[in-house]
Amino acid sequence: MSLIAFGVNHKTAPVDVRERIAFGPERVQSALQDLIDGCGAREAAIVSTCNRTEIYTHSECVTDALVDWLAAFHQISPDSLRPYVYAHTDEEAIRHLMRVACGLDSMVLGEPQILGQIKDAFTLAQDANALGPILGRLFQNTFAVAKQVRTDTQIGASPVSVAFAAVSLARQIFGSFEEKTALLIGAGETIELCARHLQTAGLGRVIVANRSIDRAHMLAEQYEGTAIGLADIPAQLHQADIVISSTASSLPVLGKGAVEQAIRERKRRPIFMVDIAVPRDIEPQVGTMQDVYLYTVDDLRTVIEEGQRSRREAAEQAEEIIDVQVEHFLQWVQLQTGAELIRSYRERAGILRDETLARARAMVEAGKDPEEALAFLANTLTNRLIHQPTVVLREACVSGDLATVQNVSHVVGLDEDAQALTRRSLPVGSWNSKSGES
């Protein structure tokens with residue numbers, strides 16, 4: 001049985017391939033059941049996001065079998081999928097999951113959303129009864145590693161997107177957003193991301209201004225905000241502590257006069273502004289005013305580059321943490337393997353004991369002398385228990401396999417006897433190459 005991490009991601013497969021093998025939450029349970037019943041997986045979990053579809057299993061499956069299963073489940077040709085897949089086993093599978101959870105394998109280095117998506121995958125696998133002791137423990141350890149990386153490194157501290165950089169700069173100025181109002185000008189993807197980051201940061205209120213009032217309403221409703229048209233900005237500007245603008249206008253939508261009036265109405269309380277648009281939405285002269293902090297997209301690029309550099313340094317620290325935790329998990333798995341072997345060995349010894357004891361009791365019940373029955377019990381049980389080590393030891397001596405002689409002798413507590421006998425009984429050059437000695 002091996003731990004396997006198998007799938008595709010944004011690095012190995014284009015979006016048209018990724019979307020064909022994505023799993024909606026409603027299909028995960030049936031897929032997991034099919035993996036266990038039809039593909040021979042002992043445990044399984046599926047992580048499916050816009051950037052990756054990955055299957056984690058504890059099984060005897062090989063890559064070709066997983067490709068065939070995934071293709072069959074989504075009713076596509078295996079050959080159309082095979083060039084894009086990757087597979088990691090055991091140590092590398094453990095490392096891969098931990099790296100993914102820490103955001104080290106993401107399109108945006110260190111992004112935190114993937115951890116939540118992996119936790120969702122874990123919950124779905126739990127609900128489907130698809131997790132066992134090995135994979136379940138791996139996911140739990142992975143969550144702990146991701147938390148440690150977030151705590152002990154700066155992997156998520158520095159902004160690496162325009163929207164996140166804008167919100168991070170605003171936080172540096174205001175600290176808390178709970179009693180703040182943001183005016184978002186535009187309603188495109190960047191503004192939507194800004195709204196999301198601001199809400200996550202605890203923003204008190206949002207106003208969305210857009211040329212299309214219907215589009216402004218659609219975005220504002222998602223965040224319990226207010227929608228206005230571009231012409232209404234001068235009348236509403238004094239309410240805004242934060243202004244972020246990103247439109248496709250060829251001319252500025254916010255001039256110096258409107259900002260001066262807003263500052264007067266605010267009684268000199270500062271306004272933080274970010275102009276993400278190119279051409280610019282906010283007249284450059286606004287940046288010369290007191291009580292206004294105006295940043296352009298170029299200013300943010302500098303922040304983003306610094307953030308990326310900081311995250312790369314943090315990623316190196318994260319890799320070191322992961323290396324240590326992978327080793328710890330491997331040791332735990334090895335302990336489980338040893339425990340299983342010991343359990344099996346004890347069970348087999350118990351069966352031999354019970355069988356021999358039953359025969360000894362039968363002798364007594366048949367009228368045999370109890371002493372004879374006890375002697376039979378002792379001799380038979382001893383012979384049966386030492387039979388297999390004796391056979392292996394004899395064959396190793398006959399074949400000159402010194403390594404096996406030493407290993408078996410160590411297991412049965414004959415280290416000193418074995419060393420003395422092999423030195424005395426046989427010439428040095430008579431042992432075969434398995435011993436590693438000459």
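The values are calculated or read from the model by the stated rules, or taken from the named source; none is laboratory data. Remember, predicted model here, so these are calculated numbers, not experimental data. Note: ideal-geometry Cβ built from the backbone for every residue, glycine included; neighbour counts use all protein chains shown. In case anyone asks, the SASA skips ligands and DNA or RNA and just uses the protein heavy atoms, side chains included. Shrake-Rupley method; radii C 1.70, N 1.55, O 1.52, S 1.80 Å.
Data table
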{"quantity": "Matching residues in segment 213-243 - criterion: being touching a helix residue (DSSP H, G or I) at 6+ places or on another chain (Cβ under 7 Å), without any contact (Cβ under 8 Å) to a residue 24 or more places away in the chain and closer than 22 Å to H197 by Cα", "calculated": "T226, A227, I228"}
{"quantity": "Among (1) at pLDDT 85 or above; (2) open to solvent by 70 Å² or more (accessible area, probe 1.4 Å); (3) assigned to a helix (DSSP H, G or I), the one test that K368 misses", "calculated": "(3)"}
{"quantity": "Subset of segment 311-337 [free of Cβ contacts under 8 Å to residues at least 40 places away in the same chain and more than 18 Å from L138 (Cβ to Cβ)]", "calculated": "E316, E320"}
{"quantity": "Positions within segment 290-309 being open to solvent by less than 70 Å² (accessible area, probe 1.4 Å) and assigned to a loop (DSSP other than H, G, I, E, B), in sequence order", "calculated": "D291"}
{"quantity": "Candidate set: segment 310-349, residues that are open to solvent by 100 Å² or more (accessible area, probe 1.4 Å) and closer than 30 Å to P159 by Cα; chosen: the one farthest from the chain's Cα centre (by Cα)", "calculated": "E313"}
{"quantity": "Qualifying position, being at negative phi, in contact with a Leu (Cβ under 8 Å, 6 or more places away or on another chain), assigned to a loop (DSSP other than H, G, I, E, B) and of a type in the set (A, V, I, L, M), among A71, A125, A130", "calculated": "A130"}
{"quantity": "Pick from segment 135-159, criterion out of contact with any Asp or Glu (no Cβ under 8 Å at 6 or more places or on another chain), in a loop (DSSP other than H, G, I, E, B) and of a type outside the set (G, A, S), ranking: surrounded by the fewest Cβ atoms within 10 Å (Cβ to Cβ)", "calculated": "T153"}
{"quantity": "Complete set of residues in segment 234-252 that are at pLDDT 95 or above and either farther than 19 Å from P279 by Cα or open to solvent by 40 Å² or more (accessible area, probe 1.4 Å) (or both)", "calculated": "P234, A235, Q236, L237, H238, Q239, A240, D241, I242"}
{"quantity": "Candidate set: segment 386-406, residues that are surrounded by 15 or more Cβ atoms within 10 Å (Cβ to Cβ) and of a type outside the set (G, A, S); chosen: the one nearest to A349 (Cα to Cα)", "calculated": "V392"}
{"quantity": "The listed residue being in contact (Cβ under 8 Å) with a residue 60 or more places away in the chain, open to solvent by 60 Å² or more (accessible area, probe 1.4 Å) and of a type in the set (S, T, Y), out of Y84, Y56", "calculated": "Y84"}
{"quantity": "Residue count for segment 17-53, restricted to those that are surrounded by 14 or more Cβ atoms within 10 Å (Cβ to Cβ), part of a helix (DSSP H, G or I) and touching a Phe, Trp or Tyr at 6+ places or on another chain (Cβ under 8 Å)", "calculated": "4"}
{"quantity": "Residue that is in a helix (DSSP H, G or I), free of Cβ contacts under 8 Å to residues at least 60 places away in the same chain, under 28 Å from S161 (Cβ atoms) and open to solvent by less than 60 Å² (accessible area, probe 1.4 Å), where the choices are G287, G257", "calculated": "G287"}
{"quantity": "Residues that are out of contact with any helix residue (DSSP H, G or I) (no Cβ under 7 Å at 6 or more places or on another chain), of a type in the set (S, T, N, Q) and within 30 Å of A248 (Cβ to Cβ), drawn from segment 285-342", "calculated": "T288, T296, T302, Q308"}
{"quantity": "R280 vs. criteria in a helix (DSSP H, G or I) and either open to solvent by 70 Å² or more (accessible area, probe 1.4 Å) or free of Cβ contacts under 8 Å to residues at least 60 places away in the same chain (or both)", "calculated": "no"}
{"quantity": "Yes/no for L352 being of a type in the set (A, V, I, L, M, F, W, C), modelled with pLDDT of 90 or more, assigned to a helix (DSSP H, G or I) and surrounded by 14 or more Cβ atoms within 10 Å (Cβ to Cβ)", "calculated": "no"}
{"quantity": "Per-region count, segment 174-212, residues within 20 Å of R266 (Cα to Cα), part of a loop (DSSP other than H, G, I, E, B) and either open to solvent by less than 20 Å² (accessible area, probe 1.4 Å) or free of Cβ contacts under 8 Å to residues at least 60 places away in the same chain (or both)", "calculated": "7"}
{"quantity": "Any hit, segment 259-282, residues being more than 29 Å from K180 (Cβ to Cβ), of a type in the set (K, R) and more than 23 Å from the chain's Cα centre (by Cα)", "calculated": "no"}
